[in-house]
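The values are calculated or read from the model by the stated rules, or taken from the named source; none is laboratory data. Because the structure is a prediction, the values reported are computed rather than measured. Cβ coordinates were reconstructed from backbone atoms using ideal geometry, including for glycine residues, and neighbour counts include every protein chain displayed. Heads up: the accessible areas ignore ligands, DNA and RNA and are worked out on the full protein's heavy atoms, side chains in. Shrake-Rupley method; radii C 1.70, N 1.55, O 1.52, S 1.80 Å.
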Amino acid sequence: MDPPEDSMNPLKRQSDKPVDSLSGMEKKKLKEAIMARNNDIEDVSKRLEENQLQQLIGNLELFQNQKNYVEAKIKVVEKKQEEWVLKEKMVQLDIENFQNEKQQCSIDMKIVESKTQELRSKIDELTGKKADLKSKKEQKISQFRNDKLWMENEEDEYAELIAENELGTKTDDRMKNEVEARKQVHEAEILAMDANLNLLQTQLDGFVNKEAENATLKSIILKKQEELNGQEENAKKVLEDLRIRQDQFSDEIKTLEVKKEKIDADIEATKQEIDDGNDGQDEQETEHPVMTQSQSTSNGLERPRRVSFTNDFGDPVFPIVRYDDSDAEHIDQPVEQDDEDIPNQDEQEDHDKEQEEGDEVQADEAPTDGPSCSTQDIGKAKPKKGGKRNPKSKKVQQRYPKSKKVQKRDSKAKVQERSQQIHKNYEVYNAKLHVKAYFREFGYTGASDAAKQAVDEIIASVEEKNCSVVQLVQGAPFPENECRGLKTQLMQITMAPRVEKPESGSSSSRRSWDYVRHLTYTGDMYLDVATVTGEDVIKCAAEFKTTKTNHVFGPPETEKICDVLEGDSTVVDAERTFFEQQSQHPLNGSSHPIPVISKDDEEGLKNLLANASIFMVDDVNGWNGFQFEAFNLEKISEVLKANSDVQVLRQVPQPTNKNFNFTAEHQKKDESGVYHFTEHHKLEDFLGNHKKCLQEVTREAYNEILASPANKDEILENLGEELRKHQLPLGKHEKDTEAAEVMKKKVPKSATLLSFGTNVDLTGEASEEQEKNCAKLPDSLAPAGRGTLLNLAYEKIPGLNDVQMYLKPPAARTTGHFESNSIGSININLGPGDCVWFAIPAEFSQSLGKILRNHRARKDTQRSAFAQTWWPNEEECIKEGIVFHKFVQKPGQLVYVCIGTYHWVQSDGYTANVSWNVMQPSFHQMAVAAIMNDHYLDLGCDNHSIVPIEYISWNMVISQEPVEEKDFRKLLKVIMMRSLANLQATLDFINNKKERDDKNKKKKKTTVALIRMEKTGVNPMTFGQDEDAVARCKSCAQVLFNFVPVNEENVILCFKCIHTKKGLNTNKINVIQCYDLDYLVSVFDGFQIE
């Protein structure tokens, strides 16, 4: 407030008369005027003093804020420094580990080289012995020939002597016996030499095989050394970067300490000035360098104003405000903040609940508009002596509140509004897909140019981008790649070189005697499969009965099988070069192309089956008589019957690059989880709903667009609403799970839910036409093709080699997955719509698993990320450098998903697909299937391989199927060796249980009897109530080979379920033994690797 004008302009004398000449009245007025002016001056001085004091208090508050900020920043940097020190120690430990492993590799290499030298000397020795023996044999044969000629001459002479001397027949017989005896001696000697030669050859082959194994092991060690060298170099670079960062942290802390010291000095100086000002310092002592000069009024007083302030370090700080009373109403106004920038408390809590364990929420290290630190100690300046604290100091503190108070929003309303908007957007997306589907089927005949343009714009807005395929020239040699570059890993995991047996009772191999553990196919082998006999396997396996230790093979390689396998980009780089040659132009897309061949390219099909990760065959309708007409929906309705139930997956229609969780209140970025549920509906209702949505609701809107193209946006919105209103209603069925019922309750009213008919089985007599139709395809692609491995199981496995059909509306999703045991699969698009496919080559599976497991969008308590399904993000794959395929499957095209390829699919219109699995007869396929068997067991919770590997392997050898690939023959031998050992342990377990039952008849509730069938050859059996040739536990689905327990109701149960699960009828168990172990031993011995 400005001083009164009167006080600044006192009464002037009317004349220049001296004071003494003034009258008494004039003197009195002059005196009063002087006193008034002195009072005004005193008031102004006090006000200046108070303003300057408040300025100092504000400065003190500012310095304290700066100090708190610097201290907080020092703590942050120190914490970072501690973290980096820990990282440095960890990297140093990694380097030490790499160096130790390199030393161990060097030792292993020396051992291998030493053994190789020993083997080479033995081979040379045996080769010399073999050559000497051959030479002796040739000499013996030559001698035998000479003796034979001599004996023939002698025989003639004896005959002449006998005739001349008329000797009796006894002499004749004696001479003949002598000649025959000498012949037999010669022949026996030659046979003995042949036997010795065969023995030497067998020993020589064994040593040569061991030498080859040593060479393989040597190459593995060399590769490991190279990997360790690379890892060590990378670790050293990381260590160097860490040390540089440590130095930077130290320098930053020093700089901050200097700042802090200077701020402390400023604080002390300011406090001193405040104390001096309160004690009545004059105006010079109350001046402060922060104050800026302003324009003066006519009376010479300074008008308050707002000024900016920056400290000596360039840090942003709160502004200092000089004000008069008129400014008060503006001081306490909160700073406005954008609504989108304010975190919603309820949303944040929901978000935090869904974070993966171990995620850290990091606060901002520096504020955007000033230090955000506590001000509780600011503004505690001493009041003036004899008076109260200046009332204006409260306003000074109000300018710097302890925290910004933001009015809490109505979070539920905001979230609901945002969720409804997302559902509205996806309504329109669904409408566009329906327009596209209708156009693809019916076109726009007779439409105007404007109408055609409107439809084209709608279709273009939902077209998939970044799809890539390359049509191959017939017979083009697709690059060979040794199991996608993974063959060495596969061999090491499934056919590891022999190691020494563990000591009896070793903790790594002890097993419970309550039941025999599941057969596994990975881990160490304690016997040499190239030289061991079946009897040796049985003998070693029998030791388990007394030692409780497996002396044939070790536990599975849990660490190696947890995330499946991992390769590098060598294979895809070679493929890109090949694709560029085929397409004759460079590849620019971010997705890796897939090859497409014609159905007449037999050589191309063979190459792709062995080497590709995924490929397509064009125009399969009519291939070898295969006809799409067999899968007409009218025929399918007759086959399945209209009142039969169909499994329906309910999902939100959305673009492939989005993944909306319709069950959550708060949506997180980069969501990869899967959110859908399964219902059961009548087939007639399901198909009728699809027909109504496309041919009635969409047709009406489509015609409106053709008639009024300018109103297409409004028509699309209305179409989206109509499709939502006519969607298949949520039902309640006895087959629906509790989890599905829970999900149904979370579905908002504004949600559009599509209906995806999944896993429609086409089996049995009613679908005989469809089965025969699929059997017309080439054997390598047919569900039960001759020579394929699944055909050797002699059973139909639902969802595996049984044909299934999928009935899709637009945007239906098949979420990310491997096929069962990572075997191959066939998928044929019957049309009329397209399907968009994504796939990850097998060599990048582990990289994908890591980003899925660490994904913040979903908790993952499983050891493997692949224990659950996902919808991976295309952009994230690009960001993480994971190679992926993206392509469109059109009607008439067959997609073959090769071994170990992870994939996910979304339909682009109304379409039907048929699918089944195939298993090619190769080392690659059997090795991956065996690894996945152990992968499932490692996950626990009764996870079992659906592929009966043990049955297939024995059936293949017993039926003498041709196996040309040496590595495949060796793998089959390894599987049979493991199987023999497990069967002997099972037999010992059964006999032991019988003995215990006989001793404790009164106490035991379960009795066991062994029934021997003494089966030979491949004659598929039936077990209990199961008509299939493969026995599976009815409780947990474990495959049971050779020893099949059944209860009194002829229900198959494994020993684990008999022992651990309650509520099963296990009073009497009959164990059916199909093959005698001696017979299997003879099969094992008769199958040679070479």
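Points worth noting:
- Hits in segment 728-745 - residues which are of a type in the set (Lys, Arg) and touching a residue at least 24 places away in the same chain (Cβ under 8 Å): LYS735, LYS744
- Hits in segment 93-117 (condition: more than 18 Å from GLU233 (Cα to Cα), open to solvent by 100 Å² or more (accessible area, probe 1.4 Å) and free of Cβ contacts under 8 Å to residues at least 12 places away in the same chain): LYS110, GLN117
- Of all residues in segment 75-85, those satisfying the criterion of being among the aliphatic types (A, V, I, L, M) and either surrounded by 14 or more Cβ atoms within 10 Å (Cβ to Cβ) or farther than 10 Å from LEU242 by Cβ (or both) are VAL76, VAL77.
- Scanning segment 1052-1072 for residues that are assigned to a strand (DSSP E or B) and surrounded by fewer than 19 Cβ atoms within 10 Å (Cβ to Cβ) yields LYS1068, ASN1070.
- Any hit, segment 166-188, residues being at pLDDT 80 or above, open to solvent by less than 90 Å² (accessible area, probe 1.4 Å) and outside the structural domain of PRO497 (by the TED database): yes
- Cβ-Cβ contacts under 8 Å between residues 6 or more apart (or on different chains), taken from a first residue in segment 261-272 that is open to solvent by 50 Å² or more (accessible area, probe 1.4 Å) to a second residue that is acidic (Asp, Glu), are listed as LYS262/ASP312.
- Test: residue in segment 431-451 that is farther than 29 Å from PHE756 by Cβ and either among the β-branched types (Val, Ile, Thr) or surrounded by 22 or more Cβ atoms within 10 Å (Cβ to Cβ) (or both): yes
- Look at segment 637-648: where a residue is closer than 20 Å to GLU768 by Cα and a partner is small (Gly, Ala, Ser), sitting 6+ places away or on another chain with Cβ atoms under 6 Å, you get VAL639/ALA766; VAL639/SER767; VAL646/GLY757.
- Of all residue pairs spaced 6 or more apart or on separate chains, those with beta-carbon atoms under 6 Å, a first member in segment 746-761 that is touching a residue at least 40 places away in the same chain (Cβ under 8 Å) and within 29 Å of SER637 (Cα to Cα) and a second member that is open to solvent by 30 Å² or more (accessible area, probe 1.4 Å) and assigned to a strand (DSSP E or B) are THR758/GLN647; THR758/TYR806; ASN759/GLN647.
- Checking MET977, MET926 one by one, the residue that is at pLDDT 95 or above, in contact with a Leu (Cβ under 6 Å, 6 or more places away or on another chain) and not aromatic (Phe, Trp, Tyr) is MET926 and no other.
- Near pairs, Cβ below 8 angstrom, 6+ apart or cross-chain, from segment 943-962 (open to solvent by less than 10 Å² (accessible area, probe 1.4 Å)) to any residue that is acidic (Asp, Glu): PRO948/GLU795
- Cβ separations smaller than 9 Å between residues 6+ apart or across chains give no pair from segment 1038-1053 residues that are assigned by the TED database to the domain that holds ILE797 to residues that are in a loop (DSSP other than H, G, I, E, B) and surrounded by fewer than 21 Cβ atoms within 10 Å (Cβ to Cβ).
- So LYS465, is it basic (Lys, Arg), at pLDDT below 50 and outside any helix (DSSP H, G or I): no
- Scanning segment 828-874 for residues that are of a type in the set (D, E, K, R) and modelled with pLDDT under 90 gives LYS850, ARG853, ARG856, ARG858, LYS859, ASP860, ARG863.
- Beta carbons closer than 6 Å, at least 6 apart along the sequence or on distinct chains, pair a first residue in segment 447-460 that is without any contact (Cβ under 8 Å) to a residue 40 or more places away in the chain with a second that is of a type in the set (Lys, Arg) for ILE459/LYS436.
- Taking the criterion of being touching a residue at least 40 places away in the same chain (Cβ under 8 Å) and surrounded by fewer than 19 Cβ atoms within 10 Å (Cβ to Cβ), the residues of segment 578-595 that qualify are PHE578, GLN582, SER583, LEU587, GLY589, SER590.
- Matching option when the condition is touching a Leu at 6+ places or on another chain (Cβ under 6 Å) and in contact (Cβ under 8 Å) with a residue 40 or more places away in the chain, among PRO841, PRO783, PRO809, PRO832: PRO809
- Scan of segment 1003-1047 for residues that are modelled with pLDDT of 85 or more and open to solvent by 20 Å² or more (accessible area, probe 1.4 Å), ordered by number: ALA1009, LEU1010, ILE1011, ARG1012, ARG1032, LYS1034, SER1035, ALA1037, GLN1038, VAL1039
- Test: residue in segment 634-655 that is within 30 Å of SER569 (Cβ to Cβ) and in a loop (DSSP other than H, G, I, E, B): yes
- 1 or more residues within 22 Å of ASP108 (Cα to Cα), at pLDDT 85 or above and not assigned by the TED database to the domain that holds GLY881: qualifying helices (runs of 4 or more DSSP H) within segment 485-583: 487-494
- Condition check for GLU603: in contact (Cβ under 8 Å) with a residue 24 or more places away in the chain, open to solvent by 10 Å² or more (accessible area, probe 1.4 Å) and at negative phi: yes
- Within segment 548-575, if we keep just the residues that are open to solvent by less than 30 Å² (accessible area, probe 1.4 Å) and out of contact with any helix residue (DSSP H, G or I) (no Cβ under 7 Å at 6 or more places or on another chain), the residue that is farthest from PHE989 (Cα to Cα) turns out to be GLU575.
- Pairing each residue of segment 427-443 that is not assigned by the TED database to the domain that holds GLU717 and of a type in the set (Gly, Ala, Ser) with any residue that is open to solvent by less than 20 Å² (accessible area, probe 1.4 Å) and part of a helix (DSSP H, G or I), provided the two are 6+ apart or on different chains, yields C-beta distances under 6 Å for ALA431/LEU716; ALA431/LEU719; ALA431/GLY720.
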